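As structure tokens, the structure follows; a few thoughts come after it.
The values are calculated or read from the model by the stated rules, or taken from the named source; none is laboratory data. The shown structure was predicted, so the numbers you read here are calculated from the model rather than taken from an experiment. Backbone-built Cβ (ideal geometry, glycine too); neighbour counts: all protein chains shown.
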Amino acid sequence: MKTRQFCIPALIIILSVSCAGIVSCSKSSNPAVEKGGGGLSLVGATFPYPIYSKWTDEYHKSHSDVAINYQSISSGGGIRQVLAGTVDFGASDGPMNDEQIKEFQQQRGCDVLHFPTVLGADVPSYNLPGVQTQLNFTPEVLAGIFLGTTKKWNDPLLTKANPGINLPADNIIVVHRSDGSGTTYV
């Protein structure tokens, strides 16, 4: 059984995983900073961990007096710990919602800063036994599949995007992670 992947370049921006940095204005939770030393406590998404690790290692080479600790736990964990005031920086694939921002502002008396740090793409994949040709997926087809309006493989939107391919009348079954993930936000 082959699994095929498709990617539409125009949708990379729309279907991207943008890991946002979330910086708080609260007093640092890092004991080294409290004692006048240099250090930052960072936590959040697993997606950007490899590049954050590289960046912090490189920074430490020229600033050995600064300790930076990033724990890759989850996007939700990054937001929760920023809200709790236990970290200096949180990373999340999706931004804080309005309710979370309001909670932060009420607790800290200042705004939270959101800024993009890493960008990657989600690539939907499909498995359609009996179809050996790579399928084309338009933005309308993808939207229809994920909105539940395109339900069959032989839907007119799919057949129009794939002329000459005999698509079955089988149901399209969308699968996703059962646990929470920043990618789920996308």
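Quick notes
- Residues that are assigned by TED's automatic domain parsing to the domain that holds GLN106, within 20 Å of LEU113 (Cα to Cα) and modelled with pLDDT under 90 are absent from segment 50-62.
- Selection count, segment 113-167, where residues are surrounded by 12 or more Cβ atoms within 10 Å (Cβ to Cβ), under 30 Å from MET96 (Cβ atoms) and either in contact (Cβ under 8 Å) with a residue 40 or more places away in the chain or in the same structural domain as VAL87 (by TED's automatic domain parsing) (or both): 12
- ILE173 not in a helix (DSSP H, G or I) and not hydroxyl-bearing (Ser, Thr, Tyr): yes
- Per-region count, segment 146-175, residues under 30 Å from the mean Cα position of the chain (by Cα) and under 14 Å from ASN127 (Cα atoms): 7
- Failed item in (1) surrounded by fewer than 16 Cβ atoms within 10 Å (Cβ to Cβ); (2) at pLDDT 90 or above; (3) touching a strand residue (DSSP E or B) at 6+ places or on another chain (Cβ under 6 Å), with ASN97 passing the rest: (3)
- Tally, over segment 87-107, of residues that are closer than 23 Å to GLN71 by Cα and either β-branched (Val, Ile, Thr) or touching a residue at least 12 places away in the same chain (Cβ under 8 Å) (or both): 13
- Within segment 145-167, the residues that satisfy the criterion of being out of contact with any Pro (no Cβ under 9 Å at 6 or more places or on another chain) and basic (Lys, Arg) are LYS151, LYS160.
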